[in-house]
Amino acid sequence: MSTVHWTESHTSRSARWHSESDIPPHDRVVVADDRTKADTAYRLACEGTALLWRGDFHNARRLLQAMGRRIDRKPVRTGDDPTEAFHLQRRARGHRARVLGRLLVLLEADHSLDLRRAPDVRRACTEAYGAAHEPSVISLPELLGVIGAHEWRKKGVEIPALDARVHPHYGVFSPIRGEYVDLVADAPLPASMEDRAADRTAFDLGTGTGVLAALLARRGVDRVVATDINPRALECARENAHRLDLSERVEVVGPTLFPEGRADLIVCNPPWLPARPTSALERGVYDPDGDMLRGFLDGLTAHLEPGGEGWLILSDLAEHLGLRTREELLTAIEAAGLRVVDRTDTRPRHSRAKDTTDPLHTARAAEVTSLWRLTRV
């Protein structure tokens, strides 16, 4: 068990260390409170010293914002091409996260915060971390992310194609970009499904919230098997299937990529960028070395029923950023013994595609999300 040590009121103390980003416990920890100046906190954090906050909760949030402003004073170089711009931005975001992540808080044994004007975070932390058994130290940015995820989970995300809401859990990618859901809603089902009135089966690989599995069930697929390697996603997908009264038609299994057996339709919306995630939340966006994409393509022929189709939902943002070429994608499809039956494209509707201040604006403005219909050769 990783432990954080600090001295408070001339007494040596320690608590379990927890980080969703797998950051190791900090070697140097000092106590900070309402008397701590932002310049001092920023200097210490940049030097590698963590600060355990023991003052007013809202002042801690203000200190975090002040530290962020000091980081942002140093402009990030834009780079000479989209690939360099992407890596420079990732590096800058990583530095920002490391510095701000050195502002820490102590959760008591019941996940409560013993700070003035602190909100009740017990339920949010229990949803994210499970039942509490002992005090633990986490970063304030992580705690704020847990609180935000709790609000998303309560409120849910409206999915027009379902005429319902899905409720994402902490650490599970939220389906706020609706264009990929609409692609699945509008694509014609494989002929092998249309020709049968029953026993139609689909797999939804990397299901996340279970939104695509639910959509396929609503489209009349008799049995949908949803998989994920993330235990939080498995729990989330099961809960959403239950909320939507689809538990009898949507089976959630894992952790795995492919379930056993074959299906008429296998759908996969892998993370779109072949890069290493730096947190639990980034795992829905970044696919190291494109492992999940290749795993999906290489496993399709062994799991498709005769006449069945694999649907790959993929953005070409990686191509515009120079992280993957179209030729590499087509070569991987061919090498897996697959051919492209059809492709449907759509443009992103999110605000970042129109944000000209974004260093990656050129790539985002050119982005196209596609549904590739694949069959065995």
Please go through the stretch 219-257 and give me each residue that is under 18 Å from Arg283 (Cα atoms) and surrounded by fewer than 24 Cβ atoms within 10 Å (Cβ to Cβ), ordered by number. Thr227, Ile229, Asn230, Pro231, Arg232, Leu234, Glu235, Gly254, Pro255, Thr256, Leu257
Going by the structure shown, is Arg349 open to solvent by 30 Å² or more (accessible area, probe 1.4 Å) and among the charged types (D, E, K, R)? yes
Filter the stretch 260-271 down to the residues that are within 12 Å of Gly206 (Cβ to Cβ) and part of a loop (DSSP other than H, G, I, E, B), then identify the one that is modelled with the lowest pLDDT. Pro271
Does the stretch 230-255 hold any residues that are in a loop (DSSP other than H, G, I, E, B) and either on the phi < 0 side of the Ramachandran plot or out of contact with any strand residue (DSSP E or B) (no Cβ under 7 Å at 6 or more places or on another chain) (or both), and which are they? Asn230, Leu244, Asp245, Leu246, Ser247, Glu248, Arg249, Pro255
Note down all Cβ pairs under 9 Å where the first residue falls in the stretch 145-159 and is within 13 Å of Asp120 (Cα to Cα), the second is charged (D, E, K, R) and assigned to a helix (DSSP H, G or I), and they're at least six residues apart or on different chains. Val146/Glu127; His150/Arg123; His150/Glu127
Specify the residue that is modelled with the lowest pLDDT; the eligible residues are those in the stretch 56-99 that are small (Gly, Ala, Ser) and open to solvent by less than 40 Å² (accessible area, probe 1.4 Å). Gly79
Since Ala132 meets every condition but one in (1) in a helix (DSSP H, G or I); (2) surrounded by fewer than 20 Cβ atoms within 10 Å (Cβ to Cβ), which condition does it not meet? (1)
Suppose we keep only residues that are assigned to a loop (DSSP other than H, G, I, E, B) and of a type in the set (D, E, K, R) within the stretch 161-189. Which one would you say is modelled with the highest pLDDT? Asp163
In the set Leu323, Leu312, the lone residue that is assigned to a strand (DSSP E or B) and crowded, with 17+ Cβ neighbours inside 10 Å is Leu312
What number of residues within the stretch 190-218 satisfy the criterion of being part of a loop (DSSP other than H, G, I, E, B) and open to solvent by 20 Å² or more (accessible area, probe 1.4 Å)? 7
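The values are calculated or read from the model by the stated rules, or taken from the named source; none is laboratory data. What you see is a predicted model; the values in this text were computed from it and never measured. For neighbour counting, all protein chains shown are included, and Cβ atoms are generated from backbone atoms with ideal geometry for every residue, glycine included. Side chains are part of the model used for accessible areas, which takes the heavy atoms of the whole protein and leaves out ligands, DNA and RNA. Shrake-Rupley method; radii C 1.70, N 1.55, O 1.52, S 1.80 Å.
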